[in-house]
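Heads up, the thing below is written out as structure tokens.
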Amino acid sequence: MFVKRLGLDPQGNGVQCAGCQGCPDVWELEDGDFAIIGEDITAAVIAKLPTTAGCAPTERIIRLPRRVLVSARRDIPKTV
């Protein structure tokens, strides 16, 4: 299911993760989609979503630290 990490290993870029928890990450999946591991902030922000955005009951809004996405940029495919 998980094929490739995008960006740096969260344990290898100076971030200290206790017991491998609290380590945001980005992964490419077998089907080409992506899995994001981050802090679930849905409850705190769902009421503040712009009118053009929505979050279904089966979805979550997560916080992904900027450094994680920036480090993953080089690994994100440029085509659909």
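The values are calculated or read from the model by the stated rules, or taken from the named source; none is laboratory data. No experiment lies behind these values; they were computed from the predicted model shown. Counting neighbours? That spans all protein chains shown, and the Cβs are built from the backbone with ideal geometry, glycine included.
Key figures
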| item | result |
| --- | --- |
| Criterion: of a type outside the set (A, V, I, L, M, F, W, C) and in contact with a Pro (Cβ under 9 Å, 6 or more places away or on another chain) - qualifying residue of Pro57, Pro24, Pro77, Pro50 | Pro24 |
| Test for Pro77: is it at pLDDT below 95, part of a loop (DSSP other than H, G, I, E, B) and either out of contact with any Lys or Arg (no Cβ under 9 Å at 6 or more places or on another chain) or among the hydroxyl-bearing types (Ser, Thr, Tyr) (or both) | yes |
| Search result, residues across segment 31-66 that are part of a loop (DSSP other than H, G, I, E, B) and either under 17 Å from the mean Cα position of the chain (by Cα) or under 23 Å from Lys78 (Cα atoms) (or both) | Asp31, Gly32, Asp33, Gly38, Ile41, Cys55, Thr58, Glu59, Arg60, Ile61, Leu64, Pro65 |
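Rundown of residues vs (1) among the basic types (Lys, Arg); (2) out of contact with any strand residue (DSSP E or B) (no Cβ under 8 Å at 6 or more places or on another chain); (3) free of Cβ contacts under 8 Å to residues at least 24 places away in the same chain, yes/no style:
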site: Leu8; (1), (2), (3): no, yes, no
site: Gln21; (1), (2), (3): no, yes, yes
site: Thr51; (1), (2), (3): no, yes, yes
site: Arg67; (1), (2), (3): yes, yes, no
site: Val80; (1), (2), (3): no, yes, yes
